[in-house]
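The values are calculated or read from the model by the stated rules, or taken from the named source; none is laboratory data. Bear in mind that the values here come from a model prediction, so they are computed numbers and not experimental data. Here the Cβ positions follow ideal geometry from the backbone for every residue, glycine too, while neighbour counts run over all protein chains shown.
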Amino acid sequence: MTRQTTLDALQASLAAEHMAVYGYGIIGARLHVAAQRGGAPSWVAHRTRRDQLIGFIAALGAQPVAAQAAYRLPVEVTSTATAAQLAAVLEDAALAPYAALAGADDPKLRQFAAAAMQQTMTWRVTWTGATPAGAFPGLPQSALIPKP
């Protein structure tokens, strides 16, 4: 992977994290206190990963992509169900850039991307109770559904 390709993957991952932080802020603002607890760990982790990505990009001597002032989110959060839908969309949006980053030459970046993909998919399953078809090729769908 070239330096530029790695930088592009880092910037795309950062852009997805900016949107996730914004989106989880909307989710938290629209839910009752009890329901907010479900999104708080995800929000904190997305903020942490955002900050780590900024550090990786700066270490390469590049300017990190800035967050937008606001994002047009594909789901309006009006209930716990719509909050879960938006959370799943945010997690899906974060997955692809991390998959690209997993091909980086730097083992630290590969490990970071792999952990981010694992955590992202875990949250998606937690919010929806299901994984998208083909998310983990070779595993039966039943192996991916959390057991009570």
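In summary, residue 53 fulfils each of the numbered conditions (1) crowded, with 17+ Cβ neighbours inside 10 Å; (2) under 13 Å from residue 25 (Cα atoms) with the single exception of condition (2). With 55, 61, 103 as the choices, which residue is more than 16 Å from residue 127 (Cβ to Cβ), part of a loop (DSSP other than H, G, I, E, B) and at pLDDT 95 or above? Residue meeting the stated conditions: 61.
Yes or no: residue 12 in a helix (DSSP H, G or I), modelled with pLDDT of 95 or more and not charged (D, E, K, R)? Answer is yes for this residue. The set of residues in region 103-128 that are buried (at least 17 other Cβ atoms within 10 Å of the Cβ) and either of a type in the set (Gly, Ala, Ser) or within 17 Å of residue 3 (Cβ to Cβ) (or both) comprises 104, 109, 112, 113, 116. In region 56-104, the qualifying residues are those that are of a type in the set (Ser, Thr, Tyr) and in contact with a His (Cβ under 9 Å, 6 or more places away or on another chain), and the one that is nearest to residue 28 (Cα to Cα) is 80.
Set side by side, the residues 75, 44 differ, and just one is surrounded by 18 or more Cβ atoms within 10 Å (Cβ to Cβ), more than 10 Å from the chain's Cα centre (by Cα) and without any contact (Cβ under 8 Å) to a residue 40 or more places away in the chain, which is 75. For residue 82, the conditions (1) in a helix (DSSP H, G or I); (2) farther than 30 Å from residue 3 by Cβ; (3) within 17 Å of the chain's Cα centre (by Cα); (4) at pLDDT 85 or above are fulfilled apart from (3).
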